[in-house]
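Working notes, beginning with the structure itself.
The values are calculated or read from the model by the stated rules, or taken from the named source; none is laboratory data. In this text, all values refer to a predicted model and were calculated from it rather than measured experimentally. Here the Cβ is made from the backbone with ideal geometry for all residues, glycine too, and neighbour counts use every protein chain on show. Ligands, DNA and RNA are stripped out before the accessible areas are found, and what is left, the full protein with its side chains, is counted by its heavy atoms. Shrake-Rupley method; radii C 1.70, N 1.55, O 1.52, S 1.80 Å.
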Amino acid sequence: MTVVQRRIALGLVVTLIGALFAWFFVLPRFRPHIFAGAVIQSTQKAPRLELQASDGTTVRMTDFEGKVVVVYFGYTFCPDVCPATLSKLASAVEILGEEAEDVQVMMVSVDPARDTPELLAEYVTHFHPDFLGITGDEATVNRIATLYGVFYQKSDGTEASGYTIDHTSTVILVDREGYLKLVLPFEGTAEQIAADIDYFIG
Amino acid sequence: MSRKVIIRSVVPVALIIVAALAFAIFEPIQVLPRIRLAPGYLLTDQAAATLTSEDVRGDIVLYNFGYSGCGDDCAAMNQTMVDIQGRLDEADVGDTDVRFVTISFDTATDKPPVLQEYAATLDADPKQWSFASGEPDHIANVVKAGFEAYYEERDDGSFTFDPVFVLVDGWGVIRGEYRYQTNASDTDKILHHLDILGEEIRNANGAATLAYEAAHFFLCYP
């Protein structure tokens with residue numbers, strides 16, 4: 001191989017390495033993020049949320065300013081949708097790794113009659129130790145759910161399971177400044193949820 | 001640094017800036033703002049059936065708020081809804097269903113049979129246009145806090161209220177609010193906005209999503 005040929009080969013190798021580096025490490029930083037959920041550009045902060053945690057303390061949305069808050073409305077007796085969603089959220093948190101320190105996932109119970117704060121805490125921490133379960137009286141939960149775009153209604157279940165509750169299964173993201181920014185569908189994967197949360201972590 | 005290197009690094013940046021400016025100025029794509037989340041609700045319609053926010057998920061919904069005993073105060077607002085229902089084929093929304101929901105805040109009077117009669121006086125197509133009401137506290141929460149539509153009962157049982165239309169997309173996100181105008185011009189505006197929303201639903205897929213996101217970013221609103 002002549003000196004010229006060697007230089008051309010070296011040039012090609014360097015170009016290839018450069019292109020691969022740009023493709024995997026540089027371009028993703030400039031590529032706009034495509035959300036799995038629906039983005040909201042509200043100039044209003046997320047609706048007021050004031051409910052009880054298992055230790056009796058009052059949890060407010062404002063307590064988490066500086067963190068990305070992921071809100072889900074469900075209940076502990078939920079047979080399918082809630083465990084599936086919470087499992088996906090737990091996987092999303094795992095994907096985020098250390099960045100998850102800036103994220104708070106919480107489930108608001110739409111079944112305050114059966115979901116005591118203690119039961120709720122036990123249920124959500126089964127999916128992830130940092131998840132928070134919150135509840136309140138029926139009227140307060142109904143008011144908050146409505147403002148977060150969530151409907152729920154008691155439905156006949158089986159004799160063994162008792163009643164079930166039909167409810168909206170979307171996941172809501174509130175950004176670090178307390179603005180409601182994203183509605184994720186139930187169909188979203190853990191990877192998509194993690195990517196959307198990551199975008200708002202910044 | 002040579003002149004050639006400067007030109008090579010400056011030109012792409014300049015092109016990007018020019019393209020962004022051109023997008024912002026000429027607005028090749030128009031979109032409706034994604035204002036805020038519409039409230040979730042559980043109501044009873046004119047057929048005494050349950051109507052929930054989940055029943056209309058995936059559909060474009062035009063809401064208004066009134067009551068059956070409203071009379072002349074609602075005439076213009078109702079006429080706008082009737083006109084939009086009649087001229088809906090002027091808006092190209094593709095395969096997406098468009099629905100109309102009139103929420104009554106006279107929860108004591110507007111039970112299903114009354115709403116049924118009210119709907120009949122407006123020639124409302126029951127497959128497309130629902131009239132619904134519910135528990136007083138829930139209605140207050142949905143209409144006042146959720147849709148931000150003011151109403152108050154007077155001493156004589158009538159209501160004072162803001163005639164407002166609210167356009168909500170299939171995600172349950174409010175995309176248009178039309179306040180303080182109950183004249184016919186609202187019909188044209190809302191039909192135009194339905195057309196824009198339909199176009200976004202049809203086209204904002206794959207790579208085109210980025211163009212629509214850019215339109216939102218540059219506030220390319222009609």
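Tell me: how much accessible area in total is hidden between A and B, 1.4 Å probe, Å², nearest 100?
Working: alone 11430 and 11580 Å², together 21020 Å².
Separately minus together, A and B give about 2000 Å² buried.
Can you tell me the dipole magnitude for chain B around its Cα centre, using point charges on the Cβ only (Lys, Arg +1; Asp, Glu -1), in Debye to the nearest 20?
Working: 16 positive and 34 negative charges, 339 e Å.
Its charge dipole is roughly 1620 debye.
Build a GNM of chain A with springs between Cα atoms under 10 Å: which of A:T57, A:T76, A:T116 gets the top mean-square fluctuation?
Sorting by GNM fluctuation, first place goes to A:T57.
Calculate, for chain B, the solvent-accessible area per residue in square angstrom, rolling a 1.4 angstrom probe over the heavy atoms of the protein chains.
I get 48 Å² per residue for this part.
Which sequence of B:D110, B:D125 reflects their accessible areas, 1.4 Å probe, from the largest down?
B:D125, B:D110
Could you sort A:E177, B:E213, B:E200 by their accessible area in this structure, using a 1.4 Å probe and putting the largest first?
Highest to lowest solvent-accessible surface, that is A:E177, B:E213, B:E200.
If contacts are Cα pairs under 8 angstrom and at least 6 residues apart, what is the relative contact order of chain A in percent?
29 percent
Quick check of the Kirkwood formula: for the protein assembly as shown, what is the inverse mean of 1/r over all pairs of different Cα atoms, in Å?
24.1 Å
Could you please put A:M1, A:M61 in sequence from largest to smallest accessible area, using a 1.4 Å probe? Mind dumping the intermediate values first?
Details: A:M1 150, A:M61 20 Å².
Putting A:M1, A:M61 in descending order of accessible area: A:M1, A:M61.
Just A:K181, A:K88, A:K45 to compare: in a GNM of chain A, with alpha carbon springs under 10 Å, which one fluctuates most?
A:K45
Charges at C-beta only: +1 for Lys and Arg, -1 for Asp and Glu. How large is the resulting dipole of the stretch B:132-218 about its Cα centre, in Debye rounded to 20?
The calculated dipole for the stretch B:132-218 is roughly 320 debye.
Counting heavy atoms of the protein chains only and a 1.4 Å probe, report the per residue accessible area for chain A as a whole number of Å².
52 Å²
Share of the stretch B:36-217's accessible area from carbon and sulfur, percent, 1.4 Å?
49 percent
So what is the orientation-averaged projected area of chain A, using the convex hull of its C-alpha atoms, in nm²? Mind dumping the intermediate values first?
On the way: hull surface 60.3 nm².
Averaged projected area of chain A's Cα convex hull equals 15.1 nm².
With both bridge residues required to lie in chain B, what share of the DSSP beta bridges run antiparallel, to the nearest 5%? If you can, show how the numbers build up before the last one.
Numbers: 19 of 30 bridges.
The antiparallel proportion sits near 65 percent.
Over what distance in Å are the Cα centres of the stretch A:109-154 and the stretch B:162-222 separated?
Each part reduced to its Cα centre gives a spacing of 33 Å.
Can you tell me the mean projection area, over all orientations, of the convex hull of the stretch A:106-202's alpha carbons? Units nm², please.
For the Cα atoms of the stretch A:106-202, the hull's average projected area reads 7.3 nm².
Share of antiparallel DSSP beta bridges in the protein assembly as shown, in percent to the nearest 5?
Numbers: 39 of 60 bridges.
For the protein assembly as shown, the DSSP antiparallel bridge percentage is about 65.
Could you give each residue of the stretch A:133-146 its phi-based ³J(HN,Hα) in whole Hz, using Karplus coefficients 6.51, -1.76, 1.60 with θ = phi - 60°, and x for Gly or Pro?
Each residue's phi maps through the Karplus curve to give x, 10, 8, x, 6, 3, 5, 5, 4, 5, 5, 5, 4, 4 Hz.
Say the dipole of the stretch A:38-201 comes from +1 at the beta carbon of Lys and Arg and -1 at that of Asp and Glu; which of A:T85, A:T164, A:L182 then lies farthest toward its positive end?
Of the listed residues, the answer is A:L182.
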